[in-house]
1. Determine ³J(HN,Hα), in whole Hz, for all residues of the stretch B:101-116 in sequence, where each value follows from phi through the Karplus function 6.51 cos²θ - 1.76 cosθ + 1.60 and θ = phi - 60°; x replaces Gly and Pro.
2. What order do A:246, B:173 take when sorted by accessible area (1.4 Å probe), most exposed first?
3. 5 Å is the cut-off here: which amide hydrogens, built 1.01 Å from N in the peptide plane, fall below it relative to residue A:358, excluding neighbours closer than 5 in sequence?
4. Using the Cα centre of the protein assembly as shown as origin and beta-carbon charges of +1 (Lys, Arg) and -1 (Asp, Glu), tell me which of A:270, B:199, A:342 is placed farthest towards the positive end of the dipole.
5. Mind checking the dipole of the stretch B:145-222: about its Cα centre, +1 per Lys or Arg Cβ, -1 per Asp or Glu Cβ, Debye to the nearest 20?
6. Using the Cα gyration tensor of the stretch A:130-199, with a ≥ b ≥ c the square roots of its eigenvalues, what is the shape: rounded (a/c below 1.5), prolate (a/b larger than b/c) or oblate (neither)?
7. Please compute the length gained on full extension between residue B:163 and residue B:130, using 0.36 nm multiplied by the number of residues separating them and subtracting their Cα-Cα distance.
8. Answer with one residue from B:188, A:44, A:364: the one whose Cα lies farthest towards the positive end of the charge dipole of the protein assembly as shown, charges on Cβ with Lys, Arg +1 and Asp, Glu -1.
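The values are calculated or read from the model by the stated rules, or taken from the named source; none is laboratory data. These figures come from a predicted structure and were not determined experimentally. Cβ placement follows ideal geometry from the backbone for every residue including glycine, while neighbour counts extend to all protein chains displayed. Heads up: the accessible areas ignore ligands, DNA and RNA and are worked out on the full protein's heavy atoms, side chains in. Shrake-Rupley method; radii C 1.70, N 1.55, O 1.52, S 1.80 Å.
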Amino acid sequence: MENEQDKIISEVTDNEYKYGFFTEIESDTIAKGLSEEVVKIISSRKNEPEFMLEWRLKAFEYWKKMKMPNWAHLTIPEIDYQDIIYYSAPKQNAELASIDEIDPELKATFDRLGIPLDEQKKLSGVAVDAVMDSASIKTTFKENLADLGIIFCSMSEAVREHPDLIKKYLGSVVPYTDNFFATLNCAVFSDGSFVYIPKGVRCPMELSTYFRINAENTGQFERTLIIADEGSYVSYLEGCTAPKRDKNQLHAAVVELVALKNAEIKYSTVQNWYPGDKNGKGGIYNFVTKRGICKEDNAKISWTQVETGSAVTWKYPSCILKGDNTSAEFYSVAVTNNYQQADTGTKMMHIGKNTKSRIVSKGISAGQSQNSYRGLVKVLKNAENARNFSQCDSLLLGNNCGAHTFPYIEVDNKEAIVEHEATTSRIGEDQIFYCNQRGISTEDAIGLIVNGYAREVLNQLPMEFAVEAQKLLQISLEGSVG
Amino acid sequence: MLSIKNLKASINGKPILKGINLEVKPGEVHAIMGPNGSGKSTLASVLAGREIFEVTSGEVLLEGKNLLEMSPEDRARLGVFLGFQYPIEIPGVSMVNFMKTAVNEIRKYRGLPLLSSSDFLKLMREKKELVEIDSQLTNRSVNEGFSGGEKKKNEIFQMAMLEPKLAILDETDSGLDIDALRIVANGVNKLKRPDNATIVITHYQRLLDYIVPDVIHVLYNGQIVKTAGKELALELEEKGYDWIKKEYAV
């Protein structure tokens, strides 16, 4: 039995990361290291207005005094921040009139990832902003969306073209003093996506950003800002992959969501950065700060994440429920295999009256991995009638992995109702045998069971991504049960 | 159809099956009876390919194919069905999804085209009627929260869906009330065909009032000690197993 289990678990090693290729492309890359000079270079490459540079420099000054946080349940070797390249962008003509002007190698890369930049070959009703390393390559359907007054563009472009919105909202949810990685991001962020949905507009298609790390020794620091004005609605998706490399690479992103009165934002992530090899060599360090604010009454924000990649994940998509009658949701599936480590969860801050939050977290651990849920539900004194429900489940595959739950609850209003449920289970040998006896192979049985377990979260994803995510879960866990 | 020769199996080095010989022909129903701990369930598990049991010698052929060399899923695809004594719960996996995967895996193995969703649902409706299973059961997760009786009915439903060549029902009657017993037995009888065979493992004679076997075997201490016609069941019901134990005591 033990041997059988070891054998099956070791078969995980045959499991290839499908997006591990590297594209040979001419890049504009600056020298390694971080200094005020580097911050200035990044800002100037982006042709940024003065206010942006000032903000970056303020953040950089602040960051120099900060220390990397160590409270997470993660073991991370020391990171040498001077040994990282902070800007690398594929060379191409600054202004692209049409798709034909994009470097064919770049186009081919995104085609291979299943992200067509060609609007003729559109994904069913999805507009895409494709970002490679430090730069946005192409945003599709921009013109169609502009007819409705929707702004969907790269962050660099937004900084230049929409400075008023940037000044008003950038850093308004995650300030430049927020935390070590977010502050670093403020100083050196290179690109990302910007979305503005005007009053009363329901965005007619899914918006999405696809992030790709390509260059070696390069950190990726992207920044996303989404503003949903009064009574508007938008559903946004984010996907990410990286080449296989022996050396760890740093990714520190910031995402800010602002939902005004009666607005709704749905944000979905399928995170599949390179997780490292079977021995834990290489992989992405993924330190991400994501936060949304339901700024005015009746606003709603929903986070859904499927986390399968990265060597280390440190990520807590959170919500500030400031307006009255606002609501927030967090749905998460986090899979760790081999030597992956994840410390992920959410924070729900109830400030307004009649606010509601719901947390559904499903952790799946296999191999030698460590998977932690960390969450905070905070109800402030004046948050009358606050309501929270949290469900944190852990599923274990094999005997060498770990699942941990760190729920924090701070309630200052005695009318609040806060519920927390947690379960831990294991895929049993008897469940696998039952499936085998009906003609279902062990691999397919795991796929069925894991997808069944994660269904509540996967159901939250837009259809085409749900199918993709289902496959991804199965691939990530291939052969990891005995 | 099924030919078992001198089958020996053990668990953790402890012998449980000590030389089983059994021949089952197409269209036959065999009952295997015997006191607790005689090896009845082990025989069922070994035939289905459960890996915790080690087969130390012997041969098992199904239509000439050596089952002992096959994985549990390939045995199932070939046509071996085990009705579990304690059916397993699989939370979150819907019966529809589970059965669709199973049916299509079996069809793939046999070189048949895969069923479309609508054809599959049609098949499911037909089989549900055939075995009188409650419609709602198939809308739920596999065995999750099912009562003991519902689980057993669900096994018969799955048997109907998968149309096995050889069905082995392991204590399917245990824990059933008389109505559930009738439904289960009717299902088995309706699924009986000239080209398939059934092995019914039971402790009590009661089930055999409803499923009439062609042959009854008594398994004791890892061996088949007695084989006779259906009248043997009545004798066992009357006299219990003590006389067997005495006669074949080790």
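1. Running phi through 6.51 cos²θ - 1.76 cosθ + 1.60 with θ = phi - 60° gives 4, 4, 4, 6, 4, 5, 5, 4, 4, 8, x, 9, x, 5, 7, 6 Hz.
2. Numbers: A:246 105, B:173 5 Å².
In descending accessible area the options line up as A:246, B:173.
3. Residues meeting the amide H criterion: A:328, A:329, A:330, A:389.
4. Going by the Cα projections, it comes out as B:199.
5. Dipole magnitude for the stretch B:145-222 comes out near 160 debye.
6. It is oblate, given that a/c is not under 1.5 and a/b is not larger than b/c.
7. Between residue B:163 and residue B:130, full extension yields 10.6 nm more.
8. The residue sitting farthest along the positive end of the dipole is B:188.
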